[in-house]
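Below is one structure, written out as structure tokens, with a few remarks after it.
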Amino acid sequence: MSELSRRPADAVVGLALPHESAALHVTGHALYTDDLVHRTPHVLHAHPVCSPHPHARVTRLDAAPAMAVPGVVRVLTADDVPGVNDAGVKHDEPLFPEIVMFVGHAVCWVLGETLEAARRGAEAVQVDYEPLPAVVSLTDAIDAEHFQGGRPVIARGDVGAGLAGATHVFSGVTEMAGQEHFYLETHASLALVDEGGQVFVQSSTQHPSETQEIVAHVLGLDSHHVTVQCLRMGGGFGGKEMQPHGFAAVAALGAVLTGRPVRLRLSRTHDMTMTGKRHGFHAQWRVGFDDDGRLTALEATLTSDGGWSLDLSEPVLARALCHVDNAYWIPHVLLHGRVARTHKTSQTAFRGFGGPQGMLVVEDILGRCAPLLGIDPVELRRRNFYVEGQATPYGQVVRHPERLAAAWEQVLATGEVRRRCEEVAAFNAAHPHRKRGLAVTPVKFGISFNFTAFNQAGALVHVYKDGSVLINHGGTEMGQGLHTKMLQVAATTLGVPLAKVRVAPTRTDKVPNTSATAASSSTDLNGGAVKDACEQVLARLREVDAGRGLAWEELVREAYFSRVQLWAAGFYRTEGIHWDSTAMSGHPFKYFAYGVAAAEVEVDGFTGAHRTRRVDIVHDVGDSLSPLVDLGQVEGGFVQGVGWLTLEDLRWDESHGPGRGRLTTQSASTYKLPSLGELPDELHVALLEHAHEDGVVYGSKAVGEPPLMLAFAVREALRDAVGAFGRDGTSVELASPATPEAVFWAVERARAAVDGHAGHGVVEGLPGEVPDRPDPAAPALHPRSEQAAHAAGEA
Ligand code: MTE
Ligand code: MOS
């Protein structure tokens, strides 16, 4: 066992502690960025002037009328930018654009004594636009070949031969929608300038170092002039990995130009209309199975809807391609990836970071093909699992596949899946208008940033003379419990009670050059760094102690008087990983996180309304550092996944009317989120036992994102229930999200299916046959599902 993963006796890690801020969260005492406004005198408020067009040239901008509005102090425009007028790292995101690229794009920002004054000022700004043609839907972008960024390919074996050797070949199209993050706290920044011109930005950001970099380049300053602090976030979910930078830069610019603190907080409507979301994807595929239902080959083209700029679309696409296999061995693989450019918000990271979209493709394929193969989907999935020694399409050997098998068996056993399948069948036989469905799905999710350089972290640990400990680390807290785990790691390493340790807010002047708190890796990375710093201090203290066994406080005091350094900077980098982003191959992930879910649902055939009756989950978090936190992550991730797959329905106006390109679901009244009411009636979550992960901090595994994909079980159970409305062996196409409306139409198709094909998307073809692209002009009952139904050309 490695030194990093070995746990001492009476460790503080492993204890089921509440979140370090739980009491503050529930009493309203926890401070978020925007709460600081009320503690800051003379604050100015920023309000955007947003484009009403999805694509247009700004031909005139007159800020003078705004300046006549009482309380307006300044209007920020491109002319004010002393540095680079760009909010991104790809230099394709002008902060003050000459050409607007989506409805809601901020042309300029108005600063006012009050938010109301700024808002009235924004209304008064006069902007003339010359509208340009806009590409709104993903399929339109594909047809117009409107792409951006690289076109990665993952290839293994000979997919042509694999398909030719298959006994069954199916082809089809899978489409899935994006998702709004809907963090409770919208984007927020508060910027100040001190007497020396030092810029200090409080920001709700998952990536303080990058926010610092962007603020510095917009202001034309070096990074050491800018400090960014993140107290905590009221949720980030990936939405604050890249998107906060521009808002922070606007606030900082305002502060520099006016000499007053500037606060920028988006209203919910602004947040929803201005900021990026999960990428929707379109996938076209062709798959081969042998006589036994084993996958022989998969050829697919995945196109993501990137929105107006690249943002994180390329790495999201890379992770999608690296997860198309999910838990399944596919000998011959050819995967193409593309990012479409559309005139919408710039889509970005969202829990899973493309992984869910990639995995949905293969789960959709298996769910649609199982009836056509005449194999029970539970069996079909299990039969295709990776076994020891097999590698992913990008060349990484899948370690511990037996853990996934163990989780699978545990869910089948504790969930009494076999018995309940019979109950479901009996229920369905007795009820013509209500059907139940049951499904089991696996998760395999790679942990580490694909981009190897990001897999590093730093920490700063101070031991004060009285023996109390203060830790800083590079990660941010967004509710996921990272700080709780870091406190436990420090207490364990130093061998002190938890109460001796405090964690300070994340700041770029404490730990520099940090990676985003993302990829679920923050505990692995920052935990490694905190442990390293603690060990450095401990090694010096051991020398002072010289075997005497002094009590902690005494030892610390003596060390101080002996002039021994009581603080240390820690560092960690993940060993043994590498990634060739051109060849799309290597060993990008330190390990895989595994999970299995079984879900049972009931569908009303008259309305498509559905309810989740029971869910059983076994999830692999290694040796848990903090079981309550991990349980919360598994439950929260799962429910967020259920929202994405079955409820949340982002709609953009794709008409050619005046609202073209507008997000029509701009608030909680039109965008359905999961709530307590949608929780399964029964939810059983177990953490996989005997799951120690060698080479990771105290034997744990990352947990932030992987559980989201457990929600596939609910989608597949819905498919199973819909299928029960049709004849045996009906292949069901289900739109994603499988909203009640989408389920209703799927039920209608299942009932109408005479040949076992509910929809025409899964078509058995001849090996070598390339399916046509869907016909976007085809008549549509429901736009998304119908496009999927016009998939393939038959042999
Ligand atoms: N949990 C809560 N409560 N709030 C969040 O914003 N973000 C998720 C996940 N869990 C999130 C969350 C995402 S997208 C990631 S990448 C991880 O937490 C990041 O934190 P970690 O690396 O500490 O797991
Ligand atoms: Mo998470 S999507 O990696 O912030």
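Points to keep in mind about this one:
- Taking the criterion of being hydrophobic (A, V, I, L, M, F, W, C), closer than 18 Å to A188 by Cβ and surrounded by 18 or more Cβ atoms within 10 Å (Cβ to Cβ), the only residue of the stretch 16-36 that qualifies is L36.
- Enumeration of residues in the stretch 228-245 that are away from ligand 1 (no atom under 14 Å from the Cβ) and open to solvent by less than 10 Å² (accessible area, probe 1.4 Å): V228, H245
- Test: residue in the stretch 346-366 that is among the aromatic types (F, W, Y), within 16 Å of ligand 1 (Cβ to nearest atom) and open to solvent by 10 Å² or more (accessible area, probe 1.4 Å): yes
- The one condition in (1) buried (at least 24 other Cβ atoms within 10 Å of the Cβ); (2) within 16 Å of ligand 1 (Cβ to nearest atom) that Y183 fails to fulfil: (1)
- Inside the stretch 303-360, residues that are aromatic (F, W, Y) and more than 14 Å from ligand 2 (Cβ to nearest atom) make up a count of 3.
- Of all the residues in the stretch 690-706, those that are within 16 Å of ligand 2 (Cβ to nearest atom), over 20 Å from R573 (Cα atoms) and not acidic (D, E) number 1.
- Filter result (among the hydroxyl-bearing types (S, T, Y) and within 16 Å of ligand 2 (Cβ to nearest atom)) within the stretch 211-253: T211
- Lone qualifier among G637, G695, G622, G699 - being in contact (Cβ under 8 Å) with a residue 24 or more places away in the chain and closer than 15 Å to F182 by Cα: G637
- Residue in the stretch 383-391 that is over 26 Å from A320 (Cβ atoms) and of a type in the set (A, V, I, L, M, F, W, C) present: no
- Residues that are touching a Gly at 6+ places or on another chain (Cβ under 9 Å), part of a loop (DSSP other than H, G, I, E, B) and β-branched (V, I, T) were ranked within the stretch 97-128; the one that is nearest to T345 (Cα to Cα) is V103.
- Matching residues, the stretch 188-207, being in a loop (DSSP other than H, G, I, E, B) and either polar (S, T, N, Q) or within 16 Å of ligand 2 (Cβ to nearest atom) (or both): Q198, S204, T205, Q206, H207
- Residues that are polar (S, T, N, Q), under 21 Å from G699 (Cβ atoms) and within 16 Å of ligand 2 (Cβ to nearest atom), drawn from the stretch 489-521: S520, S521
- For A406, the conditions (1) in contact (Cβ under 8 Å) with a residue 40 or more places away in the chain; (2) in the same structural domain as R715 (by TED's automatic domain parsing); (3) open to solvent by 40 Å² or more (accessible area, probe 1.4 Å); (4) assigned to a loop (DSSP other than H, G, I, E, B) are fulfilled apart from (4).
- Residue ranges of strands (runs of 3 or more DSSP E) in the stretch 548-613 with at least 3 members closer than 30 Å to G474 by Cβ, out of contact with any Lys or Arg (no Cβ under 9 Å at 6 or more places or on another chain) and at pLDDT 95 or above: 567-573, 578-580
- Just one of (1) surrounded by 24 or more Cβ atoms within 10 Å (Cβ to Cβ); (2) more than 16 Å from ligand 2 (Cβ to nearest atom); (3) not hydroxyl-bearing (S, T, Y) fails for D524. It is (2).
- In the stretch 147-168, of all residues being exposed (fewer than 15 other Cβ atoms within 10 Å of the Cβ) and within 32 Å of the chain's Cα centre (by Cα), the one that is farthest from P315 (Cα to Cα) corresponds to V153.
The values are calculated or read from the model by the stated rules, or taken from the named source; none is laboratory data. This structure is a prediction, so every number in the text was calculated from the model and none was measured. Every residue, glycine among them, receives a Cβ derived from its backbone with ideal geometry; neighbour counts consider all protein chains shown. These area figures cover heavy atoms from the full protein model, side chains too; ligands, DNA and RNA do not enter into them. Shrake-Rupley method; radii C 1.70, N 1.55, O 1.52, S 1.80 Å.
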